[in-house]
1. Please tell me if residue 114 is at pLDDT 95 or above, under 16 Å from the mean Cα position of the chain (by Cα) and surrounded by 14 or more Cβ atoms within 10 Å (Cβ to Cβ).
2. Do we have any residue at all in segment 156-168 that's free of Cβ contacts under 8 Å to residues at least 60 places away in the same chain, surrounded by fewer than 17 Cβ atoms within 10 Å (Cβ to Cβ) and not aliphatic (A, V, I, L, M)?
3. Give me a count of the residues in segment 117-127 that are within 16 Å of the chain's Cα centre (by Cα) and assigned to a loop (DSSP other than H, G, I, E, B).
4. For segment 63-107, name all the residues that are within 13 Å of residue 172 (Cα to Cα) and without any contact (Cβ under 8 Å) to a residue 40 or more places away in the chain.
5. Looking at segment 88-111, which of the residues that are within 16 Å of residue 147 (Cβ to Cβ) and of a type in the set (Val, Ile, Thr) is farthest from the chain's Cα centre (by Cα)?
6. Going through segment 60-90 one residue at a time, which ones are of a type in the set (A, V, I, L, M), out of contact with any helix residue (DSSP H, G or I) (no Cβ under 7 Å at 6 or more places or on another chain) and closer than 15 Å to residue 23 by Cβ?
7. Count, please, the residues in segment 117-152 that happen to be farther than 18 Å from residue 174 by Cβ, free of Cβ contacts under 8 Å to residues at least 60 places away in the same chain and in contact with a strand residue (DSSP E or B) (Cβ under 8 Å, 6 or more places away or on another chain).
8. List the strands (runs of 3 or more DSSP E) that sit entirely inside segment 1-107 and contain at least 1 residues that are modelled with pLDDT of 90 or more.
Amino acid sequence: MTGTHTIEIHDDVFPLSVRLNTFNSALNSSFSLLDWTCTSVPERHSHNLSFFSPWSTEYVESLSILASIRNSPASHILENYELTKSILNLTTPSDVYYTHTHPEEKVLLYYVNLEWKEGWHGETQFYSDNLRDIKYTSPYTPGRLILFDGNIPHTMRPQSIIAPKFRFSLSMFLNRK
């Protein structure tokens with residue numbers, strides 16, 4: 001995408017040891033149920049539950065996630081920005097997701113699962129500002145890191161029933177220093 005609505009895709013940023021540690025940490029995380037009923041659309045109230053685990057900046061740092069980014073061709077991502085919060089998301093095939101934004105933030109989205117096959121779905125979709133058109137779709141690619149402007153409307157497509165029961169993604173939010 002162009003202009004201020006940019007999306008950067010970075011593959012192969014994380015060494016296998018970091019990917020394994022992050023995945024194992026995801027498997028061993030405690031999750032809370034988050035209710036997104038702040039919507040004014042009544043039909044969405046019964047579908048606005050998702051599982052998440054807040055990960056502290058220190059915890060993300062201890063997994064060498066930020067160090068891996070700093071030591072990769074994607075190092076420019078962290079220039080002039082600081083990590084303010086991180087959320088590990090857990091999705092299942094029966095989950096429902098709606099288009100949303102993260103105003104005034106940069107988002108780093110990391111696909112945590114170690115294996116993902118074609119047909120398992122779980123893509124991230126980015127929409128036009130008027131929500132009529134999908135402008136870009138990123139397949140769920142293990143180890144992929146996506147940097148995007150949080151003002152871009154986006155959502156995820158739940159994984160199919162033949163995919164692993166749990167799909168993990170780590171959302172890291174950046175603000176200017």
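1. Working: at pLDDT 95 or above: yes; under 16 Å from the mean Cα position of the chain (by Cα): yes; surrounded by 14 or more Cβ atoms within 10 Å (Cβ to Cβ): yes.
The answer is yes for residue 114.
2. First, pick out the residues of segment 156-168 that are free of Cβ contacts under 8 Å to residues at least 60 places away in the same chain: 162, 164.
If we keep only those that are surrounded by fewer than 17 Cβ atoms within 10 Å (Cβ to Cβ) as well, we get 162, 164.
Checking which are not aliphatic (A, V, I, L, M) leaves us with 164.
Yes, that holds for at least one residue.
3. 2
4. Initially, segment 63-107 is screened for residues within 13 Å of residue 172 (Cα to Cα), giving 65-66, 69, 77-78, 81-89, 102, 105-107.
Within segment 63-107, just 66 meets the criteria.
5. 101
6. Matches in segment 60-90: 90 only.
7. The number of residues fulfilling the criteria is 11.
8. Qualifying strands (runs of 3 or more DSSP E): 7-10, 49-55, 81-91.
The values are calculated or read from the model by the stated rules, or taken from the named source; none is laboratory data. Because the structure is a prediction, the values reported are computed rather than measured. Don't worry about glycine lacking a Cβ; one is built from the backbone with ideal geometry, like all the others, and counts go over all protein chains shown.
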